[in-house]
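Here's a structure for you.
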Amino acid sequence: MWQQIRSNQTRSIILVIGMGVLLALLGYFLGLYFVGSGEVGLFIALIIWGIMSLVGYFQGDNILLSVSRAKKIAPDDHPRLYNVVEEMKIASGLNKMPDIYIMDDPALNAFATGRNPKKATVAVTSGLLQKLNRDELQGVVGHEMAHVKNRDVLLMAMCAVLLGTIVVLAWYASRFLIFGGMGRTRRSSSSGGSGGQIIILAVAIILMILAPILAQLIYLAVSRRREYLADASSALYTRYPEGLASALEKIAASTDQLKSANKATAPMYTINPFRKQGMSADNLTSTHPPISERIRILRAMAGASYEDYSIAYQQVIHTDKVFIPAAAAAAAGTVALRAAQPEAPEKLEEVQRARETTNALWNVHKYKTITCACGTKLRLPPSYKLPEIKCPHCGRINPV
Amino acid sequence: MTIAIWVIIGIVVILLIAFVAIYNGLVRLRNQVKNAWAQIDVQLKRRHDLIPNLIEMVKGYMKYERETLEAITKARTLAQQATSAGPGERAKVEGELSSALTRLLAVAERYPDLKASQNFLSLQEELASTENKISFSRQFYNDSVLNYNNQTQMFPSNVIAGMAGFKPGEFFEVTVAEEKEVPKVSLT
């Protein structure tokens, strides 16, 4: 059952190779135009790509985690999240428990990172923890875990680095062309000018404009495929596609609200796509298959297997395209859905969830909690050094 | 003549490579089954460990539920004795423990004081999660067994499985006894 992923991988890899060819072409023609040698251009493009790849490979997860100001949590900081992640780790058959990070942000968002399953990290926002019930959280974590298990993180990082290299190269080349262009034209006119030069210039300009757009399109195509596949895997792990579907519904409903309501954190989420998705495999609010479509597919599933997802996909998108090869899907057999988990009334639950999340955030920021005899909870910042504190409520002196 | 020899050598080499590949594939699948079984084991043990805490906590509140508490203690003892048994037998005793636990938690719903306690809430989260982990590890185990069994039964790997003694794995099917009777509450 788990091997089916591989057949899907091939198509993604072909797309990535397409991007690589695009980068090579861009480098070659820019080199031909600027220094008169395609090989040199190719070489420079490869060096830029190599450096960015190395940085992305070794530091990508750290950069992403620090840019998104995610903080690592211990099991006790948020037992429910830890448990849900562990459940999904077991269901997906991963060997190692991923690190868990929390982002202090009201937006509903989550991502997975780490270059291989051993270095995997799952990060979720505090908003997600507050708004989603257990089944929904499980669906989202299952989706992130699928990215880890299906090796999407590395694939998407490679894709993002290629895209980044193409964008950077095209951008610098266009600057050179505009600001350095004068000198060049004068020189070429003095040497008589040539038809060949003009053709190369035309090709270089066309590539400069088209390559980033094409690369972006390929990137989105790869990302979209991986998203659908991760949804299918999440349904298979949880045996409960409704969980992810209703989580997606909540996420879709909350995005607009966030941008208007919280201008301070908006830049983090509306930052340009390369920075934002640079090393991440997934950002739920900006995933590219329309969320409504993903929800409809999940809700149309009759069972929880890949085959069921494939059938639902065909129904919703109205296509005959086979999402997962039939032979592989048939081998999986039938996989039944499970029932929803009993939940306390939604209102009560939400209060409880908010409390848990706030506690986790206090802990993560190393605040100390002291419960006074009068029931007041005192949160002391790590910079508080005095040996005792007076309760503002009842005036008792509490030792720290 | 020499061509024939080379052809024969070629065929033998190809067969050897195929044998090694299939054999290794079978070993990998069998190890995955073992690994998955170990996961189930960890989670079942975890549940055995949690139950005394639960009993200790609810005892004070549920003075009149002796029967339910005894049932769960007994089920736990039986389950602990069966830790080295095979999947089939183990599934039976663990299934009974599951239903005893469900009954206890259902009864606990009727005690508002207990339900309001923060300790009980966190223990409940632990129990619910352990229950989930058991079912997820069972799910993964059964998928792995299915995968492995398919390989041991399908041609050509079944030939090698037969020769090297790969035995089919046993599924872990918990048949939880349906809520047979609602436990009687006596608050006299």
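At 7 Å along Cα-to-Cβ for each site, give me the label-to-label distance between A:LEU220 and B:MET163 in nm.
For the pair A:LEU220/B:MET163, the computed spacing is 5.5 nm.
Excluding same-chain residues fewer than 8 positions from A:LYS72, which aspartates and glutamates have a Cα within less than 14 Å of its Cα?
In chain and number order, the partners are A:ASP61, A:ASP99, A:ASP104.
Tally Lys/Arg at +1 and Asp/Glu at -1 over every other residue whose Cβ is under 10 Å from the Cβ of A:VAL122; what's the total?
Local charge sum for A:VAL122: -1.
Tally Lys/Arg at +1 and Asp/Glu at -1 over every other residue whose Cβ is under 12 Å from the Cβ of A:ALA74; what's the total?
That sum, taken over residues with Cβ under 12 Å, equals 0.
Longer than 30 Å from Cα to Cα, which of A:LYS390/B:LYS115; B:LYS45/B:LYS115; A:LYS385/B:LYS115 are they? Say none if no pair is.
The answer is A:LYS390/B:LYS115; A:LYS385/B:LYS115.
Give me the inter-chain shielding for B:2-9: mean count of other chain Cβ atoms within 10 Å, whole number please.
The per-residue average across the peptide is 0.
If we count other beta carbons within 10 Å of each Cβ, what is the order of B:SER144, A:SER53, A:SER383, fewest first?
A:SER383, A:SER53, B:SER144
What net charge do the residues around B:ALA91 carry, taking every other residue with its C-beta under 13 Å from that of B:ALA91, with Lys and Arg at +1 and Asp and Glu at -1?
-3
Of the listed peptides A:142-152, B:61-71, what is their order by residue-averaged count of other C-beta atoms within 10 Å, with the highest listed first?
A:142-152, B:61-71
Within 10 Å of each Cβ in peptide B:126-133, how many partner chain Cβ atoms are there on average? Round it to a whole number, please.
5
Also: Could you give the Stokes-Einstein D for the stretch B:2-164 in µm² per second, using the C-alpha Kirkwood radius, 4 °C, 1.567 mPa s?
68 µm²/s
Hydropathy first: keep DSSP H helices in chain B averaging at least 0.5 on Kyte-Doolittle, then drop any whose Cα extent along the axis falls short of 20 Å, and list what survives.
B:2-59
Greater than 25 Å separation of Cα atoms is the criterion. Which listed pairs, A:LYS96/B:LYS133; A:LYS118/A:LYS250; A:LYS71/A:LYS118; A:LYS149/B:LYS92; A:LYS89/A:LYS131, meet it?
From A:LYS96/B:LYS133; A:LYS118/A:LYS250; A:LYS71/A:LYS118; A:LYS149/B:LYS92; A:LYS89/A:LYS131, over 25 Å: A:LYS118/A:LYS250; A:LYS149/B:LYS92.
Only the coordinates and a few stated rules stand behind these numbers; no lab work does. The structure displayed is predicted, hence computed values, not measured ones. When we count neighbours, we look across all protein chains shown, and the Cβ atoms used for this are built from the backbone with ideal geometry, even at glycine.
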